[in-house]
Each structure stands twice: as C-alpha cells, then as structure tokens.
Amino acid sequence: MMPLLGPGAWAGSPCFVLLNTAWDDGAHFIATWAAWRADAQRPQRLVYVAITPTAAREAWRTALPHSASADLAAQLVAACPPASPDLHVLQFEGGAVTVHLAVGTPKHWLPQLQLSANALLLPAREEAEHSRLFSACARLSAPGAVALTPDTAAARQGLQTAGFIIDRSTRGLLRAQRPQAHEPGYRPLPPAPRGRRPAEPSGAAVVIGAGLAGAAAAQALARQGLQVTVLEQAPEPAQRASGNVAGLFHSVVHAQDGAHALLLRAAALYAATHYPGLMSAGARGEVQGLLRGMLDDEASPTPPAQGPKVEALQALLKRLGLPPSMCRLWVQRPRAPWPAQPCPSALGTVCKPVG
C-alpha cells in the first residue's frame, strides 16, 4: 500500500484533495480516513479521488483489513457502488469525507477530471504511459502538490517534464513536488478548456428555486463552505414539479452514452445511494428505479416484436459496461401492452416490450 500523505501534508488546509490513480480496493482510503479522524488539526473536508478498473463489494470485503478501522471498512463496503463506468460519489461523516470513484482507466478518466489535488499517488504504470500520466496529473495538481510514485528513470523524467521538482527517494519510492507560485521553477499550467474551468472563488451563492434541484444545489454549495441564500416564490419548498410523488430520476441507455445519459445515470446513482437515508429519517417514498433503453430505430411507442432487437440491446449493455447489479434486460410476453410496468431491481431495470 502507498504511504499516507495526510497529517503532515494537510496541516492548515481547510480542504485536502488527494488523487490516487490506482484504487486498491479501498485500503489506502481507509487508512487516510482513519488518520483524518484521529487528527485534531484535520481539515474540515477530505476529498479522495480514485480511479479503479472495477468496483466489487465482495472484493472490497475481502481486501479491507479487519483492524481498528473495521467500522470504517464496513461503511465503505456498504457504500460500494455498481461497477458501471461512471464517476461515483460516496459520502461519509455527514459529507465531510467524500470519495469520487471513477470506474475505468486513467487514460480515459484523467483528461476528463477537473480538480486541484494537494497530493497525488501514482502507482507503477507501463513505461509508455508515464509521459501522458504525469502531464495529465500536473494539470490536476495545485501549486505545492506532492506526488509519490515508484522510482524509475521514466518516472523521474516524466515528473520533471511535467514541472515537478524531485525531492527524494526512499525505499524505491520517489517523492516530487510542484513548486509554489512564488518559488523558483514554478511553471503556470495552460488554462483548462472552456466548460472545465473552475468558478471564481466566492464566499456566497444565491439559488433560485427550492425544488429538488435547488435544494440539492444549496446543500452542495453549503458543504463547500459558502453562505447560501435560496429564493422561492411559493410559500413552501417543492410545491411544483418536485412535489410529484410518482418519480424523481431514472437512467437512460443510449448507444453513444454521451453527456446527457451520463448525467441522468449519475443522478440516479446518487439518488439510489442517498435517498434511503432520508426515507429512514421520515421522508416519504421508496427507491426502485426504472432504467429504460430504446434502440435507435424505435420511433413508435409499440415497436414490432423482433428477436434481433433483444440481442442488439444485450450487446449494447455489454459494450457500455453496465453490470447486472445495476440493470437487467426484461423481455415481455407477446402482445403485452406498452409501456411496460417497471420491474424492481437493485437500482433500475431495462424494460423492453418484445415478442
């Protein structure tokens, strides 16, 4: 396991952000979380961003240590998301500790992430990937950020090319640091593309509307430490569309799996994870979910009964990497009415009328 970059590195920081390009079934996060808990001078927020090829509850349960941190390990196992290729948000300690778990490869995720990491854990990679890996990580690092990676000639060259200064090597582990803005060797990074640039720092925000979206936005901003004012024209919150008790979010299956599909799936994943806690506290509702997929040539609400369409949808689900724990194909009996009634599953169901 990579060493901790906690108590010594986060001193005086209100929010400590750590990027780990190789999630080890949560063992390093558990150790970091335990160190955060034990430190009286800990930052108010701990944000742990990690990339993993998959997420499997049984693997986590087997790999996590049974020690003084067993209660933390149990919480992490309980929060294990579906192994869908998404950026999953896991929250602990009332939102003070957050894991952003990207299921996929660093090559896929690093260009898409937008963060400012105070510490970076870069486990061993193929030599050919070093230059791209360190260049991408430099874009995601804050001035003064510390990086740890196995000490190889390619790693040294990659870090130095990316603007890091080699600090030392201990037990085969290389430590490097990105200079502060006022220090020699500091190189400003090129601006992020439009749409991925962080917002200007602010201490206050105004949210218009106290429906589900407005309330969630206000909560997220407040967790960032902002003073939030919510404006609502109705005398009570959730008086319009958000007052509909029939349904909230559902995912979609789309062949391109673009931004719209990813956003809806992220919303459904977040809702399925966090709404049960609200409901156990007295909120009305239940979490079942409907994950509906439509093929490109289905313009009619009563598509013809054709077997190949089932095979096409199965192939689509396999290509998108959506696991059975998240969705499953349901084939209706012949001549069943459309729309189909949703079938409950762990998160959602692909409902599809076919012959």
| query | Any idea which of (1) of a type in the set (Ser, Thr, Tyr); (2) modelled with pLDDT under 75; (3) open to solvent by 40 Å² or more (accessible area, probe 1.4 Å) is the one Ser280 doesn't satisfy? | reply | (2)
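Confirm whether Thr62 is under 28 Å from Leu140 (Cα atoms), of a type in the set (Ser, Thr, Tyr) and out of contact with any helix residue (DSSP H, G or I) (no Cβ under 7 Å at 6 or more places or on another chain). Steps first, answer last, please.
On the way: under 28 Å from Leu140 (Cα atoms): no; of a type in the set (Ser, Thr, Tyr): yes; out of contact with any helix residue (DSSP H, G or I) (no Cβ under 7 Å at 6 or more places or on another chain): yes.
Against the criterion (under 28 Å from Leu140 (Cα atoms), of a type in the set (Ser, Thr, Tyr) and out of contact with any helix residue (DSSP H, G or I) (no Cβ under 7 Å at 6 or more places or on another chain)), Thr62 does not qualify.
Can you name the residue in segment 38-68 that is out of contact with any Phe, Trp or Tyr (no Cβ under 6 Å at 6 or more places or on another chain) and in contact (Cβ under 8 Å) with a residue 40 or more places away in the chain and is also most open to solvent (accessible area, probe 1.4 Å) among such residues?
As a first pass, look at segment 38-68 and keep what is out of contact with any Phe, Trp or Tyr (no Cβ under 6 Å at 6 or more places or on another chain): 38-41, 44-45, 47, 49, 53-68.
Filter again for in contact (Cβ under 8 Å) with a residue 40 or more places away in the chain, leaving 44-45, 47, 49, 53-55.
Details: Gln44: 145, Arg45: 43, Val47: 16, Val49: 9, Pro53: 107, Thr54: 71, Ala55: 9 Å².
Top of the filtered list is Gln44.
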| query | Looking at segment 200-223, which of its residues are in contact with a strand residue (DSSP E or B) (Cβ under 8 Å, 6 or more places away or on another chain) and open to solvent by 70 Å² or more (accessible area, probe 1.4 Å)? | reply | Val206, Ile208, Arg223
| message | Give me the strands (runs of 3 or more DSSP E) completely within segment 69-172, filtered to those with at least 3 residues that are touching a residue at least 40 places away in the same chain (Cβ under 8 Å), ordered by residue number. | response | 87-92, 97-103, 117-121, 141-150
| Top-ranked residue in segment 215-242 [being touching a Gly at 6+ places or on another chain (Cβ under 7 Å) and part of a helix (DSSP H, G or I); ranked as farthest from Cys15 (Cα to Cα)] | Ala241
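The values are calculated or read from the model by the stated rules, or taken from the named source; none is laboratory data. Values in this document were obtained by computation on a predicted structure and should not be read as measured data. All Cβ positions, even for glycine, are placed from backbone atoms using ideal geometry, and neighbour counts span all protein chains on display. Keep in mind that these areas ignore ligands, DNA and RNA; they rest on the heavy atoms of the full protein, side chains included. Shrake-Rupley method; radii C 1.70, N 1.55, O 1.52, S 1.80 Å.
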